[in-house]
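Here is the structure we will look at.
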């Protein structure tokens, strides 16, 4: 067990000692935040106020703003759970390119321990960084207003972050095991950074896309996790807005808002509940872990 813990610690330190790697792993989250300040916030607020016909004097403008702020936070969290584990997992490619994998495979450390050490280290890095963002985000929003979150919702949000970190790490590890050079993995990271914000609906709600595009985006666990976090962060403020309306619209406004901002993943005509998304992500994570263990044994043979 000590050898497993030692190798896992080594992989974690490689990530955190490289300040530029940490920065670039959060680049998409930073882009989401900047775009929110410049464009997205006004667009989302206008979209909400435009659907509030006759409810302008009932629903508080601060509640609407807090709702939009929660949408932003869910987008930042979703993007970080994609880019952070990928950046940390690039250690695999660097080890292979530098020939370090030969030394690693020649040690008594078993193959399954090697692959799980990479996986554990990347999952922990993703969970630590994303949890830090979540904590800072909740504290910041707490000074700005009230999201009306319960203690259970807060704890469940950290649980969703953990699940998202594990599933994304497992999925990306299968991809990175196929790369043989850092230039290839870096090029793919550029594509991933550009596309991740769209895939999880951070820039534009997935409901605005065609059914085919929505189905494709919701094949990825990160989209389900982002929707799950969105529900957890905004369930309290949604109930507050709905109670303010007092049943005058029979809940139509909040239902329309949740559909617009993709509170539930929709794929191939099926709408996933929160529990359905959790089960889907768990299945993908389990299959990915089994696949990456097999791929490592086949790809990294003793030489």
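Each value in this text was obtained by applying a stated rule to the coordinates, not by laboratory testing. None of the values given here were measured: they were computed from a predicted structure. Positions of Cβ are generated from backbone atoms using ideal geometry, with glycine treated the same way; all protein chains shown enter the neighbour counts.
Could you state the angle between the C-alpha long axis of helix 151-176 and the longest principal axis of the C-alpha atoms of the chain, as a value from 0 to 90 degrees rounded to the nearest 10?
The answer is roughly 40 degrees.
Output the 0 to 90 degree angle, nearest 10, between the alpha-carbon long axis of helix 61-98 and the longest principal axis computed from the alpha carbons of the chain.
For 61-98 against the chain, the angle is about 10 degrees.
What is the diffusion coefficient of the range 2-299 in µm²/s, taking the Kirkwood radius over Cα pairs and the Stokes-Einstein relation at 25 °C with a viscosity of 0.890 mPa s?
Details: Rh = 20.0 Å.
In µm²/s, the coefficient rounds to 123.
Pick from 120, 260, 49: which is most flexible by mean-square fluctuation in a GNM of the chain where alpha carbon atoms under 10 Å apart are linked?
Per the Cα network of the chain with a 10 Å cutoff, 49 tops the list.
Using only the alpha-carbon atoms, how far is helix 111-144 inclined from the longest principal axis of the chain? Give it as 0 to 90 degrees, nearest 10.
Between the helix axis and the principal axis of the chain, the angle is about 30 degrees.
Compare the peptides 200-206, 276-282, 214-220 by average per-residue count of other Cβ atoms within 10 angstrom and give them in order, highest first.
So the order, starting with the most tightly packed, is 200-206, 214-220, 276-282.
Take the Cβ-Cβ distance between residue 256 and residue 146 as r, set R0 to 22 Å, and report the resulting FRET efficiency rounded to the nearest 0.05.
Details: r = 23 Å, r/R0 = 1.04.
The pair residue 256/residue 146 has a calculated efficiency of 0.45.
Pick from 70, 142, 159 the residue whose mean-square fluctuation is largest in a GNM of the chain, springs joining Cα atoms under 10 Å.
142
Order by neighbour count: 143, 263, fewest other Cβ atoms within 10 Å first, most last.
Numbers: 143 6, 263 22.
Taking fewest neighbouring Cβ atoms as first place, the list is 143, 263.
Compute a Gaussian network model of the chain, connecting alpha carbons closer than 10 Å, and tell me which residue from 197, 99, 164 fluctuates the most.
Of 197, 99, 164, the Gaussian network model singles out 99 as fluctuating most.
I want to check the label-to-label distance for residue 195 and residue 286. Put each point 7 Å from Cα in the C-beta direction and report it in nm to one decimal.
In this crude spin-label approximation the distance works out to 2.7 nm.
Would you calculate, for the chain, the mean residue ellipticity at 222 nm contributed by helices, counting each DSSP H stretch of 4 or more residues as -39,500 (n - 2.57) and dividing by all residues, to the nearest 500?
On the way: 13 runs with 231 residues, N = 303.
Computed mean residue ellipticity for the chain: -26000 deg cm²/dmol.
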